[in-house]
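*Asks:* Here you go, one structure.
The numbers here are math on the coordinates, done by the rules we state, and not lab data. Predicted model only: the values in this text are computed from it and were never measured. Because the Cβ atoms are built from the backbone with ideal geometry, glycine has one as well, and the counts that use them run over all protein chains shown.
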Amino acid sequence: MRRFINALLFKFLILLVLVGPVLAGDSGEEIVVSATRISEPKKESTKYITVITREDIKSMVTTSTNAGDLIEKMGLGHIHKYPGSLTSKITIRGFSTDTMGDPFKGGVLILLNGHPIGLTNLATVPVDDIERIEVIRGTSSALYGSQGMGGIINIVTKDATDEGLHSSVKLTGGSFQYRKGYLNLSYKTDLLSIYGSYGREKSDNYKVKDLGVYNNTDYEDHNGYISLIFEPSKDHKFFGRILSWHGWDIGSPGPLYSPSPHAETDRLKTVYEGGYEGIFGKLTLYHVIDHYTYMDPDWEYKSKSNYNTEGIDYNKSFNIFNSTVLIGGSYNRIYSEQPVAKPNQPKADHINYALYAIIEKKILDRLTINLSGRYDYYRLKVLPTGGIKVNPSTEDEDQFTYNIGLRYALFDWMSIKGNFGKGFRVPTPLERTGNYTTYRTWIGNPALKPEKAYNLDGGIDVNKGPLSLYVGAFYYNYLDKIISYQVKRNYYTYKNTPGARISGVEMEGSLELAEIIKLPISLKPYFNLTYLTTYHLDRPENGEKRITYLPDWVGSFGIRASGEKFWFDISGRYNGREKVDDWNFYSKTYGQIIDKGGYTVVYLSMGVKPIKNLEVSLGIENLLNRYYEVVKDYPASKINTKLSISYKF
């Protein structure tokens, strides 16, 4: 299969190279990105950016329920996904959000409309309320601070776009008794725009090829979203948004070797944001509430975790000496607690103050230079907590990060991009200053250094007529990786290790064939690929040099067709081999690091508009009906289908 994928991509690249010189015209509609803080067309940015557009989302909406599904199907990174409503880890360039969704940890930062999203479970952001997703690859701490080592994922939610009053309703049913209802309403004038939606979905236990029903994989959730924008003039805009998602009775089935037939989770995420954008700059205030409960009645066990993320961000851009200059500052606080009689860890407070600046200069319409820098100050607190023995304490940390970006336009349609920058991940309050005892004693390490990553990347970006292509490479020097270790029996602490070297190549492309062979419909093949050439630890603790849970290949490929009354998309996602821990206590390799093979999943989506306001769509996941495991010993669903009917009023 791997040879087949390689051959397919190689032939597709040859096709692009052959037709590229004869293409003519502009690259079509500009895609403006905002996650770089300076809004500009995607092709003019010095960063390598992938945008999941509204067109992409439409082609995948029948086979996707949330933001995590979209990123998975586009092949933008490795996804660590468990059964139920949970996307727990996303990996970009070898760096990941934290496996358990801890907002203090991770090497990839998740944003919602440009601000931190709190817990990183992307199943809590429904697909129907997403306008686009911007994925910036490379160190981005100079833009947003801690965790911006591998990159940034910015999810942009919908606002009202069409003048007047509009609404739509969508009903979906599918395999394993899946059912979903969704309703939205929008109203827009020159002065005011309102967008609101509500959705609810439920699914029973799914089936696995050759194994049958995978018990306790059912779930139920509902969500609501509202956006309000007031524009008294073209120079002033006030905005407010609320997004809320609640999932309950979410099955947590456990691995095949140790099933948990009655374990369940309950998750709640609510995001409040508001602010101003105009000639006086941009001000954003946000508050994110995350509640997580895990229950297993068979073991009489229950745990709760609450996280509150709040902050303010202000920046102002202006032009001086033919340069764009942006200066800003931010405040962010994350407070965590476990509101149970005997918590597993103490309350913690993570407070961050930052100042940042960006200067972008264009020289002779060919060369763009982007310089960004940021100073972060952190106060890390462990607080008094009932139910456990804890010594409250406080530690401070500061960091300065930077990024230098260059873009040189060889032609109007071809440019070379490159970046050198520093990213970091600050130690958590518990890693740095914790001193508490539950069933173990944990002692923080005041000498612990922040994790750091120095990144060099570059590539060629082509946007000519129907052709869009990026080919590039990257290299990371990853230092001071933080790990926990046992000092003596039931006594644990943390330390820095040398880190790792990570390098690889990236390719992304699409070609609108209809503009070349003059078809009456759109016909667009596309692909996205990341291949890691080096991903080794400098001094491994267990003798295994290769970084675990990191596949060598990740990619997607497909072809999309659309016309006035139909659309069709067939795509595949390939996840390469990786090293993983074997926790199966019945296995001969229990406790060892073993090889996990790669897999390919194929998706099919199609839709028709039989009448003006009616759309019928069909989605099929795992079209080839393969057995595969995203996470070892947690098998994914067999082939399953969804049928949707939507009507616009």
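*Asks:* Return the Rg/Rh ratio of the range 209-256 with Cα-based radii and a Kirkwood Rh. Please report the intermediate quantities before stating the final value.
*Replies:* Numbers: Rg = 20.7 Å, Rh = 14.8 Å.
For the range 209-256, the value is 1.40.
*Asks:* Sort the following peptides by mean Cβ neighbour count (other Cβ atoms within 10 Å, averaged over residues), highest first: 587-597, 189-199, 310-320, 633-643.
*Replies:* On the way: 587-597: 12.8, 189-199: 16.7, 310-320: 15.2, 633-643: 19.2.
Per-residue Cβ counts within 10 Å, averaged per peptide and sorted highest first, yield 633-643, 189-199, 310-320, 587-597.
*Asks:* If the cut-off is 17 Å between C-alpha atoms, which aspartates and glutamates fall inside it for Lys545, apart from same-chain ones fewer than 8 positions away?
*Replies:* Within the straight-line cut-off, Lys545 pairs with Asp480, Glu578, Asp581, Asp582, Asp595.
*Asks:* A follow-up question, please. In the structure displayed, which of Lys105/Lys632; Lys58/Lys81; Lys518/Lys609; Lys612/Lys642; Lys170/Lys518; Lys202/Lys304 lie more than 29 Å apart, Cα to Cα?
*Replies:* The answer is Lys170/Lys518.
*Asks:* For the pairs Lys422/Lys481; Lys158/Lys269; Lys302/Lys596; Lys180/Lys638; Lys269/Lys347, flag any whose C-alpha to C-alpha distance is greater than 22 Å. Spell out each step's value before the answer.
*Replies:* Working: Lys422/Lys481 15 Å; Lys158/Lys269 18 Å; Lys302/Lys596 32 Å; Lys180/Lys638 20 Å; Lys269/Lys347 19 Å.
Going by Cα-Cα distance, Lys302/Lys596 fall outside the 22 Å limit.
*Asks:* Could you tell me, in Å, what Rg and Dmax come out for the Cα atoms of the range 115-250?
*Replies:* Using the Cα atoms of the range 115-250, the pair Rg, Dmax is 18.7, 62 Å.
*Asks:* Would you kindly work out the equivalent ellipsoid of the chain from its C-alpha gyration tensor and give its semi-axes, the square roots of five times the eigenvalues, largest first in whole Å? Walk me through the numbers before you get to the answer.
*Replies:* Values: eigenvalues 252, 189, 148 Å².
Listed largest to smallest, the semi-axes of the chain are 36, 31, 27 Å.
*Asks:* Tell me, rounded to the nearest percent, the portion of alpha carbon pairs in the range 245-315 spaced more than 20 Å apart.
*Replies:* On the way: 1256 of 2485 pairs.
Distances greater than 20 Å cover 51 percent of the Cα pairs.
*Asks:* Please enumerate, by chain and number, the aspartates and glutamates with C-alpha under 19 Å from the C-alpha of Lys488, excluding those fewer than 8 residues away in the same chain.
*Replies:* The qualifying aspartates and glutamates are Glu431, Glu541.
*Asks:* Please work out how much length the chain gains when fully extended from Asn322 to Lys488, using 0.36 nm per residue of separation minus the C-alpha to C-alpha distance, in nm with one decimal. Before the final figure, lay out the partial values.
*Replies:* Values: separation 166, 0.36 × 166 = 59.76 nm, distance 6.15 nm.
Between Asn322 and Lys488, full extension yields 53.6 nm more.
*Asks:* Tell me, how many Å apart are the Cα centres for the range 114-147 and for the range 336-390?
*Replies:* Cα centroid to Cα centroid, the span is 15 Å.
*Asks:* Let me ask another. Classify the range 245-366 from the C-alpha gyration tensor, please: rounded if a/c falls under 1.5, else prolate or oblate depending on whether a/b exceeds b/c.
*Replies:* Working: a/c = 3.40, a/b = 2.61, b/c = 1.31.
The shape class here is prolate.
*Asks:* Please state the Cα pair-distance histogram of the range 486-546 with 5 angstrom bins from zero: what percent is in each bin?
*Replies:* Bin by bin from 0 Å, the calculated values are 4, 13, 12, 11, 10, 9, 8, 7, 6, 6, 6, 4, 2, 2, 1.
*Asks:* Something else now. Could you give the length gained on full extension between Glu564 and Val32, defined as 0.36 nm per residue of separation minus the Cα-Cα distance, in nm?
*Replies:* Details: separation 532, 0.36 × 532 = 191.52 nm, distance 2.52 nm.
Here the answer is 189.0 nm.
*Asks:* Check each of the GluC sites (Glu not before Pro) in the range 476-552 and keep only those in coil by DSSP with at most 12 other C-beta atoms within 10 angstrom; list them in order. Present the calculation step by step, with values, prior to reporting the outcome.
*Replies:* Values: sites: Glu506, Glu508, Glu512, Glu515, Glu541, Glu544; in loops: Glu512, Glu541, Glu544.
Hits after loop and neighbour filter: Glu541.
*Asks:* Modelled label-to-label distance, Asn477 and Asp266, 7 Å Cα→beta-carbon offset: nm?
*Replies:* With each label point 7 Å from Cα toward Cβ, the separation is 5.1 nm.
*Asks:* Now for a separate question. Please work out the FRET efficiency for the pair Tyr647 and Lys234, using the Cβ-Cβ distance as r and a Förster radius of 35 Å; give the result to the nearest 0.05.
*Replies:* Numbers: r = 34 Å, r/R0 = 0.98.
For Tyr647 and Lys234, the calculated efficiency is 0.55.
*Asks:* Would you mind computing, in nm to one decimal, how far apart the modelled labels at Ile517 and Ile611 are, each placed 7 Å from Cα along Cα→Cβ?
*Replies:* 3.6
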